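The values are calculated or read from the model by the stated rules, or taken from the named source; none is laboratory data. Because the structure is a prediction, the values reported are computed rather than measured. Counting neighbours? That spans all protein chains shown, and the Cβs are built from the backbone with ideal geometry, glycine included. Ligands, DNA and RNA are stripped out before the accessible areas are found, and what is left, the full protein with its side chains, is counted by its heavy atoms. Shrake-Rupley method; radii C 1.70, N 1.55, O 1.52, S 1.80 Å.
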Amino acid sequence: MASSVTMHKEEARTAGWIGKRYPRKEDIRFITGNGLFAADIKLPNMAYVAIARSPYASAKIVRIDKKRALAVPGVVGIFTGAEIVEELDPLPNLLPSPYDRVRDFGIAVDRVRYAGEPIAVIVAESTYAAWDAMEQLDVDYEELPPVLTAMTGAKDGSPLVHENVPTNVVWHRKFTYGDLDEAFRNAHIVVSKKLKWHRFTSAPLEPNVVVVDYDARHGIYTVWSNNQRPAFNQAAVAKSLRTQANLLHFISPDIGGGFGIKNENYPYIILLAVAARWVRRPLRWVETRTEHMIASAHGSEINYEAEMALSKDGRILGLRAKAFHDEGAYMRREPIAAFNFIRHATMTYTFRNLEMDIYAIVTNKCPVGPNRSYGKMQQGFLVERLLDIGARKLGLDPIEIRMRNFVSSTQMPYETPTGAMLDGGEYAKAISKVAENLQYGELIKERDRLRKSGMLAGVGVSMGMDACPINFSSNRLINPKSTASGESEAAWVKIDEDGNISAAVGTSPQGHGHETAVSQIVAEVLGVSPDDVYTLPAFDSWTHPSTPHSGTYASRFAIAGASAVNGAAVRVREKVLRIAAHVMGESESNLDIVNGVVVSVKAKPGVSLKEIARLAWKDLANLPEKEEPGLYVNLVYKTPFKLPIDDQRGNFSLTYSYSASMVLLEIDPGTGMSKIRRVGIVEDSGNQINPMIVEGQIHGQLGHQLGAALYEDLVYDENGQLLTSTFKDYLAPTASDLPSYETGSIVTPSLFTPLGTRGMGEGGGAPLIACANALDDALTPHGMEFDGSYLSPVKIRNIVKTITKK
Amino acid sequence: MTQIQLIVNGKKVEGNVEPRKLLIDFIREDLGLTGPHIGCDTSNCGACTILLNGRAAKSCTMFAVQADGMEILTIEGLATDGKLHPLQQAFHENHALQCGYCTPGMIMSSVDLLSRNPNPTEEEIRLGISGNLCRCTGYHNIVKAISSVAKSHIFVSPVKKEGRD
Amino acid sequence: MYPRAFKYERATSLENAIELLSRNREDVRPLAGGMSLIPLAKLRLLSPGCIVDIGRLSELKGIKQDKEWLEIGALTTNTEILESKWLSGSYPLLLDTVKEIGDVQVRNRGTIGGNLAQADSSTDWPATMIALRAKFVSRGPKGERIHDADSFCIEPYTTALDPDELLTHIRVPNPASGSVGASHIKLERRKGDYAIGIVSAQLEVDNEGKCVSVGVGIGAVGVIAVRASKTEQLLKGRRVDADTLAKVGDTVRDSFGGMDILSDIKAPSDYRLDVIGTLAERCISKAYSMAASAGAGQGKGR
């Protein structure tokens, strides 16, 4: 019974699994080709689905004739929107009345509202046959004039995207903080600028996939999908299907990247569920890349009209902006992207006067949805661009002007005018460190050398902020009828009767390494190695714990997920120690767990976890009298959130990780093509569970952000056709297009989380914004400025031509 | 339907396929080897990359009938005797994957690269994998992983000499 | 994506291939490496009723040198060309071109003949073949024909070949002297993309540094690849100095006559016409420096 291992408490503390660069446990299956992705699921008697889609941006569906399509060999069934919606209730939206009438079934009924909108579900014996049938589906449309920009959609007399609501401006609110008139009256300079945030998407490499198997005996739908927020979406899907959420068995296996976009495949789940029930066969739908680009979800697209008031010494006195958001055709999560400015509206700065006038406008384009740094990098863009222009106008160094405006670490926690409670950090240190890492002075000299050699060149800096997770009470500011508040996550930790340790959490990762991070946390608490902890992969609603907020989105794992796992592990540990204390005749406070053995400071023989587990499950008469059997704790962690302060203020995130980025950009004046010569970033995400994974996330943000700045743009033509609908035209960058990254971290623990961690996966957009600022730095000596977030070579070349007349 | 015969991961396999069936669909659906993936429609992403007679090929840009009589190596066949290939090991150690979707194709392209250029520069590594897109890692650690294998001279070609043109 | 169904024929010999093409000539396409045909078939933009797989015809593979030319079999893959022993010496433009093509997977499967028969101006070979004054050998039911690189492509995606005729060999003339310089410059938005501007040039200089032969091909601007005749005239018999270089851009822009200029989301036509001048200057400058240094001792560079 007694182990010969004895150890002292101080030594135990050196385990330190939290904070270690521990190689990922999930890697092995992926590098050997054994990952299980949704498209790998193959069930007996399976049939295959293709989705017929509208070729028009706006049209009435006059008639759908299935006859020729049904005659194609291998076709099992064809179901139109009109047929399917008979079985459905509309999917929910957040909008207040009367705009809650915007109806969304994920499939068009009698009118199509964007090119690519589903109009029919085709089921066949093979995907090839389903596509053959799709070509034979006869559909008559009556074309309508499309609304293709926010600005035209907002005009009086514009055609309506949804004919049952009064205007295309489906949500509008003006948020005012402080005294803007006073701020602008006292301004030494005012920077006025129209800015354009371009439409792009994180485009995960794995497109959306849905597999549905309907079990008629129990009325159960088993859904395998690569939805990144299955537990959250389950309720909406059940409601639409007019069933109960507990009759939906939701499985998200390995997911090939999400980045927010994979919140948005739930409309396909309802379409396949209805079809699977009708044909009584399991169905699989695998989105093509083209379908993904035209009809999954896009990142937001914004026109800003903004002005910033600055004092002579470079202090921000106030910011006033109108923001016109092009939301696309349906309001699924929106207007959250438009509203999300509020999470950290004033970024890392101390200014108190702010006015944001927000318009959410529906158009005949692909719906907007969550996309890495959702609505947050856009606010960063607004603030950081104006501040940078202000610096140049005032003749101040861009780092210096930021230094003069930072919230200092001594002011933490700091409440911003919108009610956000910044949770610690050293903003000045971050920007200093990135400047030091890239040798700012040398970088400027390098820029000047490039300029002398005939290139355009610029150095750009930017701060970024990543507020997370979501306090759902923020919905109350969008729609006063909302009754939600807070957020939560669930986890369980179990030691079975043989001493095997398992853990599970509801976060449903998409490459984030949660199996590793969870194992590290549990190992730290239970005094074992991460190798001794089996963390359930992926997500299965019948085996994994969850809450209505579960999933990986809003950079929430290191806050909600980690805290839930930690909480459950701590309770298991407490129970282990109680039982051990009883067995060993020792006080709990003298005990610790080291290398899987409960040891006493008194150098007595220890008792193994295995033995405690045997007792807890199988030798129940020997347990302390009041102790329940087993070592199994299921814990729901409540992220400590409050209600809004008033109708426009509140703390809607718990942690505010931040970063400073610096870029040296070289532009070939002959072609307008930009190249990143150097890029650096320093991020503070508080205590890091696994610094290797943190660094990987930073690399990932850099890839996405630099890709968005230099390569990726979603462009529609004048008829509402997406011109960038494949990876031929949507220029996801290759390894040859991107530089290597100079990353760094500083660690100031979050004041508000149990482990001192901050959410960080999304990043705050700093590298993208730094690119735009660098381009301005390159153009300003020539008296020119840039207004966008996308460094289009064609646009840049046109600007250069006006400079050089060549 | 057309009868085909090929060697996949060292084993003889047969198939009866529609001529239009893409090789990737034959590998994934008929052979059940789901390591190679599909990420695009336009031969850009390289997630479907396999070795065909020893050379990297996008299996989405071939009909299965074209591979008749040829030798294919997929990611599933790269580890030998239960031991990871040095590139697989390096991807793991260097955190060169996140979601893992591009990884099988990325590793197969890296095999082709190091087979023909054992000492690539960083630029050559980036060019060598430019037919493979990754959306998670920003490529930084992938380049590092490939470079680490090259620098420590532990690369072993999985392709038998006579298998190569 | 999922191509439409087609009849599949696998050719066993060149003769057999031509016979199969003839028999199905109303609706047939040959399949070599498939790098052009299959992506189009997957998007259902091209769906021939019959596909004749010529990929195994060994008589169309390989490279051999003749007195007058280097003869490349149409089914030689780009990788085989890249790794061929012939390239490093007398044919610098072939090397400069082939290493720029697509990505490794595309080079491994894609063939030079398949590319040229696709007649896509935005790919690397057509402009280079024009610069090199290459000849193309074809074979059909009526026997063998020889085509000039200049006249091979008639309109976008259409060549002088009949539906039952195959491109069999590409003949690249051997350079006259050792003082050869070459450069293949292409502008692409992203590595491996279809180009938005290609200038391919080969120059030979005499011992005074004057250009004795000049070949300049332009791709990815006009809807088909063209010869920059005015540029060639400008350079012939001259040393390439700064004044000459300054005139290159305008002469290149004169190459397109009334031809339609390519335009897409990546690069509208006015942008292509604008930047091609700069690319041409860079290309000629590079090729000339190389030729001049190759002939060092005979003539001086700029």
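Based on protein heavy atoms only, segment B:86-151 ends up with 24 Å² per residue of surface accessible to a 1.4 Å probe.
Between A:Ala621 and A:Asp140, the simple spin-label model (points 7 angstrom out along Cα→Cβ) gives 8.5 nm. Here segment B:1-150 has 47 percent of its accessible surface on carbon and sulfur atoms, given a 1.4 Å probe and all protein chains in place. Just the Cα atoms of segment C:61-173, one point each, no solvent: what log10 I(q)/I(0) does Debye give at q = 0.11, 0.12 Å⁻¹? Calculated log10 I(q)/I(0) at the listed q: -0.31, -0.37.
Scanning chain C for GluC sites (Glu not before Pro) that sit in a DSSP loop and have at most 15 other Cβ atoms within 10 Å, the longest stretch containing none of them is C:84-207.
In a DSSP loop and with at most 14 other Cβ atoms within 10 Å, the chymotrypsin sites (Phe, Trp or Tyr not before Pro) in segment A:525-584 are A:Trp542.
Computed from phi, the 3J(HN,Hα) profile of segment C:23-31 under the Karplus parametrisation 6.51, -1.76, 1.60 (θ = phi - 60°) reads 4, 10, 4, 5, 8, 9, 9, x, 10 Hz, with x in place of Gly and Pro.
Residue-wise HN-Hα couplings along segment C:155-171, as the Karplus relation 6.51 cos²θ - 1.76 cosθ + 1.60 with θ = phi - 60° gives them from phi, are 8, x, 6, 9, 10, 6, 6, 6, x, 9, 10, 10, 6, 10, 9, 10, 10 Hz; Gly and Pro carry x. Under the combined filter of DSSP loop state and at most 13 neighbouring Cβ atoms within 10 Å, segment A:330-370 retains none of its chymotrypsin sites (Phe, Trp or Tyr not before Pro). Taking a ≥ b ≥ c as the square roots of the Cα gyration tensor eigenvalues, segment A:357-441 comes out prolate, since a/c reaches at least 1.5 and a/b is larger than b/c. Close amide H pairs (under 5 Å, H built 1.01 Å from N) link A:Phe250 with A:Val223, A:Ser541, A:Trp542, residues at least 5 positions away or on another chain. Evaluating 6.51 cos²θ - 1.76 cosθ + 1.60 at θ = phi - 60° for every residue in segment A:327-338, the Karplus couplings come out as 8, x, 7, 10, 9, 8, 9, 5, x, 5, 4, 5 Hz, glycine and proline recorded as x. Mind checking which lysines have their C-alpha under 29 Å from A:Lys642, skipping anything on the same chain fewer than 8 residues away? Counting by Cα, and skipping residues close in sequence, A:Lys642 has these lysines nearby: A:Lys174, A:Lys239, A:Lys262, A:Lys322, A:Lys376, A:Lys481. Chains B and A together bury roughly 4200 Å² of accessible surface, counting both sides and using a 1.4 Å probe on protein heavy atoms.
Accessible surface comparison of A:Val747, A:Val528, A:Val139, probe 1.4 Å, protein chains only, largest first: the order is A:Val747, A:Val139, A:Val528.
In this structure segment C:61-173 gives 38 Å² per residue of accessible area when probed at 1.4 Å with all protein chains present. Across segment C:7-53, the mean sequence separation of Cα contacts (distance under 8 Å, 6 or more residues apart), normalised by length, yields a relative contact order of 55 percent.
Sorted largest first by accessible area at a 1.4 angstrom probe radius, with every protein chain in place, the residues A:Asp215, A:Asp592 fall in the order A:Asp215, A:Asp592.
Each residue, A:Arg63 and C:Ala242, gets one label point 7 Å from its Cα in the Cβ direction; the gap between the two is 7.3 nm. With protein chains left intact and a 1.4 Å probe, residues in segment A:504-644 average 37 Å² of accessible area per residue.
Considering only DSSP beta bridges where both residues belong to the protein assembly as shown, give the percentage that are antiparallel (nearest 5).
Antiparallel bridges make up about 80 percent of those DSSP assigns within the protein assembly as shown.
Computed over Cα pairs, the Kirkwood radius of chain C leads via Stokes-Einstein (1.306 mPa s, 10 °C) to a diffusion coefficient of 81 µm² per second. Over the C-alpha atoms of chain A, the Rg to Rh ratio, Rh being the Kirkwood estimate, stands at 0.99.
Taking a sphere under 14 Å around the Cβ of A:Arg758 and counting the other residues whose Cβ falls inside, with K and R at +1 and D and E at -1, yields a net charge of -3.
Between chain C and chain B, the total buried accessible area stands at approximately 2600 Å², from heavy atoms with a 1.4 Å probe.
With a simple spin-label model that places each label point 7 Å from the Cα along the Cα-to-Cβ direction, the separation between C:Asp66 and A:Asn590 comes to 9.8 nm. Computed over neighbours whose Cβ is under 10 Å from that of A:Ser740, the net charge equals +1, Lys and Arg +1, Asp and Glu -1.
When A:Thr724, A:Thr167, A:Thr410 are compared by accessible surface with a 1.4 Å probe, the order from highest to lowest is A:Thr410, A:Thr167, A:Thr724.
Neighbours of A:Glu446 by Cβ distance under 14 Å: Lys/Arg scored +1, Asp/Glu scored -1, total +3.
Could you tell me whether chain B comes out rounded, prolate or oblate from its Cα gyration tensor? Rule is a ≥ b ≥ c as square roots of the eigenvalues, rounded for a/c under 1.5, then prolate if a/b exceeds b/c, otherwise oblate.
On the way: a/c = 1.99, a/b = 1.55, b/c = 1.29.
Prolate shape, in that a/c is at least 1.5 and a/b is the bigger ratio.
Rolled with a 1.4 Å probe across the full set of protein chains, the surface gives A:Trp224 an accessible area near 40 Å².
State, in square angstrom and to the nearest 100, the accessible area buried between chains C and A, both chains counted, probe radius 1.4 Å. Kindly include the intermediate steps, with their values, before the conclusion.
Working: alone 13990 and 29150 Å², together 40720 Å².
Chain pair C/A: roughly 2400 Å² of buried accessible area.
Bridging of A:Lys365 to aspartates and glutamates at a Cα separation below 13 Å is possible for A:Glu117, A:Glu301, A:Asp326, A:Glu327, A:Asp717, A:Glu718, once same-chain residues fewer than 8 apart are set aside.
Can you pull the percent of Cα pairs in segment C:7-53 with separation above 15 Å? The answer is 39 percent, as a whole percent. In segment C:180-207, comparing the full protein assembly with the chain on its own, the residues that lose 20 Å² or more of accessible surface at a 1.4 Å probe are C:Leu187, C:Arg189, C:Arg190, C:Lys191, C:Tyr194.
A:Ile64 contributes about 50 Å² of solvent-accessible surface, heavy atoms of the protein only, 1.4 Å probe. In loop segments of segment C:140-241 as defined by DSSP, the chymotrypsin sites (Phe, Trp or Tyr not before Pro) with at most 16 further C-beta atoms inside 10 Å of their C-beta are C:Tyr157.
Proximity of backbone amide H atoms, modeled 1.01 Å from N, is registered between A:Thr757 and A:Asn687, A:Ser750 at under 5 Å, excluding neighbours fewer than 5 places apart on the same chain.
Just from its helices, what would the mean residue ellipticity at 222 nm be for the protein assembly as shown, if runs of 4 or more DSSP H residues each count -39500 (n - 2.57) and the sum is divided by every residue, rounded to the nearest 500 deg cm²/dmol?
On the way: 37 runs with 357 residues, N = 1273.
Taking each H run of at least 4 residues, the total per residue is -8000 deg cm²/dmol.
For segment B:86-151, just say rounded, prolate or oblate: build the C-alpha gyration tensor, square-root its eigenvalues into a ≥ b ≥ c, call rounded for a/c under 1.5, and beyond that prolate if a/b exceeds b/c, oblate if not. It comes out prolate by the Cα gyration axes.
If R0 equals 41 Å, the separation of the Cβ atoms of A:Lys604 and A:Thr350 corresponds to a calculated FRET efficiency of about 0.10.
Of all the accessible heavy-atom surface of segment C:134-204, with the other protein chains kept in place and a 1.4 Å probe, what percent is carbon and sulfur?
On the way: 1200 of 2520 Å².
Roughly 48 percent, rounded to a whole number.
Annotation: A:Val636 carries an accessible surface of approximately 90 Å², with a 1.4 Å probe and no ligand, DNA or RNA atoms counted.
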